[in-house]
Amino acid sequence: MKRLELTNVRVCQRCGRGRAELATGDGVTLTVALEPVRARELAGNGSADEVRTLGELVLEQLAAGGVEVKEIVLDAGPVGLRALVSVVHGVESEVVSCTAQEGVGLAVRGRLKLYATDEALAHAIARPDAGGSETIH
């Protein structure tokens, strides 16, 4: 398992969809597809909206209930990349899954540690990003 850092958020100038580029310390990049609203939000290009996001509410309510979100791990699931969220309440811990983009959003909002399994990194290496223009698709 390797620690990830968000290095860049690319947003398609044509449709608004995007991708979060996450890097390990040894140069491997893992890319997570983002819907338009999440892409603009993570890129810092969202309009000043007074409505909180669901992720903000979830993190706040978990903390109010004494539940701590410890870390988020991106993993290769049965149908693609997913996020595994580790939560602790007292002496009990639990792992819940969500989409990779939800996991990245929670990690950024909650300033949480983000990791990737070897399987997720192998998936990224098998499908290298072509890079290039800002047309994401």
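Quick notes on this one:
- Exactly one residue among R3, R52 is of a type outside the set (D, E) and in a loop (DSSP other than H, G, I, E, B), and that residue is R52.
- Any hit, the stretch 4-25, residues being modelled with pLDDT under 90 and touching a strand residue (DSSP E or B) at 6+ places or on another chain (Cβ under 8 Å): yes
- Residue in the stretch 6-14 that is closer than 19 Å to L84 by Cα and either under 14 Å from the mean Cα position of the chain (by Cα) or in contact (Cβ under 8 Å) with a residue 24 or more places away in the chain (or both) present: yes
- Of all residues in the stretch 62-119, those satisfying the criterion of being touching a Lys or Arg at 6+ places or on another chain (Cβ under 8 Å) and of a type in the set (S, T, Y) are S86, S93, S97, T99, Y115.
- Scan of the stretch 56-83 for residues that are on the phi < 0 side of the Ramachandran plot, surrounded by fewer than 11 Cβ atoms within 10 Å (Cβ to Cβ) and either part of a loop (DSSP other than H, G, I, E, B) or in contact (Cβ under 8 Å) with a residue 24 or more places away in the chain (or both), ordered by number: G65, P78, V79
- Options T117, T53, T135, T29; residue that is at pLDDT 90 or above and closer than 24 Å to G16 by Cβ: T29
- Of the residues screened, A20 is one that is touching a residue at least 60 places away in the same chain (Cβ under 8 Å), surrounded by 11 or more Cβ atoms within 10 Å (Cβ to Cβ) and touching a Leu at 6+ places or on another chain (Cβ under 7 Å).
The values are calculated or read from the model by the stated rules, or taken from the named source; none is laboratory data. Treat the numbers as computed from the prediction; the structure is a model and nothing was measured. Virtual Cβ from ideal backbone geometry, glycine too; neighbours counted across all protein chains shown.
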